[in-house]
Ligand code: SF4
């Protein structure tokens, strides 16, 4: 069994961004305090597993904005995790942060608690675009935050960037990239803006106050990103992720490789690394009430079929640009994917979306951009 990853969901933000549809709400100290207690209780009550599965080498605080918690609250959660799981000495411990919410003192305290990787939503270096997205930080806050992080001893920093913003030009995106690469984060996550129904951004676009995003232009931005980042020494290792050598996200790789990942907190999802997936109540207040009442926060639990597991191994594995090993697939499932999917694979290859070498099936750069088309073949 592979080492597990632990995910902790912190559902609070300073303000809500106009495009966000994550399970998160505005920070309120009384609920945050109760939530942290409930979270620690959920972790401590985690059922016993086989020994190996109880060993983890990643902890990931996601959200939301986990860095809004006080160091004492983070310590409470980490103590609960360490009481239930054996955490490797060299574990990757990530915290999502938002620029403009952090001081050098607090970052030093987080570092002291064992947080060794910071992931934050820079999104864009254009203050007008940041305002448009409803972000509460400025580009200068990003520069300052990375300076504070380095001073506090963080040697592993990841930026999120969003392209395809309404009205964004290729030139503006190129300037953004330039700014981001100059700051030399070890890792970059890159997203094309998705407009989710029910968000303020979707409403603004529907009312004609914002232009629709231009998909062809977004594709150009994706290509530009890959070219510029690779010139700057980054490796494109997953559809939306690039890193300097040795700084691939160890935690997120567990999702793509089908390793066990145990999630705690509202809306958290878990996978036992074999067949079972389960998830928690989405609403933070309801989640807290359930735990306080001594009830389970679980809302869904499912056993994957053998076909589901095989399909996931392909479409999650293909997210990694190194591809999947056809021999390994045959060893694991006893099936020859190349023979069984011969027609589909030939069609995808013909369309320039995949490459097949002796043992590896992988996406091309165009395939990475149109990955949903490729994955639909295997679902
Ligand atoms: S900071 Fe992230 S999680 Fe919070 S509202 Fe903005 S996009 Fe959503």
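The values are calculated or read from the model by the stated rules, or taken from the named source; none is laboratory data. What you are looking at is a predicted structure, and each value in this text was computed from that prediction instead of being measured. When we count neighbours, we look across all protein chains shown, and the Cβ atoms used for this are built from the backbone with ideal geometry, even at glycine.
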| request: Filter segment 357-374 for residues that are surrounded by fewer than 16 Cβ atoms within 10 Å (Cβ to Cβ) and farther than 25 Å from residue 193 by Cα and give the result. | output: 357, 358, 359, 360
| note | Residue hits (segment 3-34; closer than 29 Å to residue 272 by Cβ and more than 15 Å from the ligand (Cβ to nearest atom)) are 3, 4, 5, 6, 34
| query | Limited to segment 121-174, what total is found for residues that are assigned to a loop (DSSP other than H, G, I, E, B) and modelled with pLDDT of 95 or more? | reply | 5
| query | Within segment 83-103, is even one residue assigned to a strand (DSSP E or B), closer than 30 Å to residue 124 by Cβ and within 11 Å of the ligand (Cβ to nearest atom)? | reply | yes
| Of everything in segment 5-30 that's in contact with a helix residue (DSSP H, G or I) (Cβ under 9 Å, 6 or more places away or on another chain) and over 24 Å from residue 196 (Cβ atoms), which residue is surrounded by the most Cβ atoms within 10 Å (Cβ to Cβ)? | 6
| Can we say residue 60 is crowded, with 22+ Cβ neighbours inside 10 Å, within 16 Å of the ligand (Cβ to nearest atom) and in a helix (DSSP H, G or I)? | no
| request: Could you tell me whether segment 83-98 includes any residue that is surrounded by fewer than 18 Cβ atoms within 10 Å (Cβ to Cβ), at pLDDT below 95 and either under 17 Å from residue 186 (Cβ atoms) or out of contact with any strand residue (DSSP E or B) (no Cβ under 6 Å at 6 or more places or on another chain) (or both)? | output: yes
| query | Would a scan of segment 321-330 turn up a residue that is in contact with a helix residue (DSSP H, G or I) (Cβ under 9 Å, 6 or more places away or on another chain) and at positive phi? | reply | yes
| remark: Residues of segment 176-193 being under 13 Å from residue 249 (Cα atoms) and assigned to a strand (DSSP E or B), in sequence order, are 187, 188, 189
| query | Can we say residue 237 is surrounded by 15 or more Cβ atoms within 10 Å (Cβ to Cβ), in the same structural domain as residue 37 (by TED's automatic domain parsing), at pLDDT below 95 and within 19 Å of the chain's Cα centre (by Cα)? | reply | no
| task | Go through segment 262-324 and tell me which strands (runs of 3 or more DSSP E), entirely inside it, have 2 or more residues that are touching a residue at least 24 places away in the same chain (Cβ under 8 Å), in contact with a strand residue (DSSP E or B) (Cβ under 6 Å, 6 or more places away or on another chain) and surrounded by fewer than 16 Cβ atoms within 10 Å (Cβ to Cβ). | result | 298-303
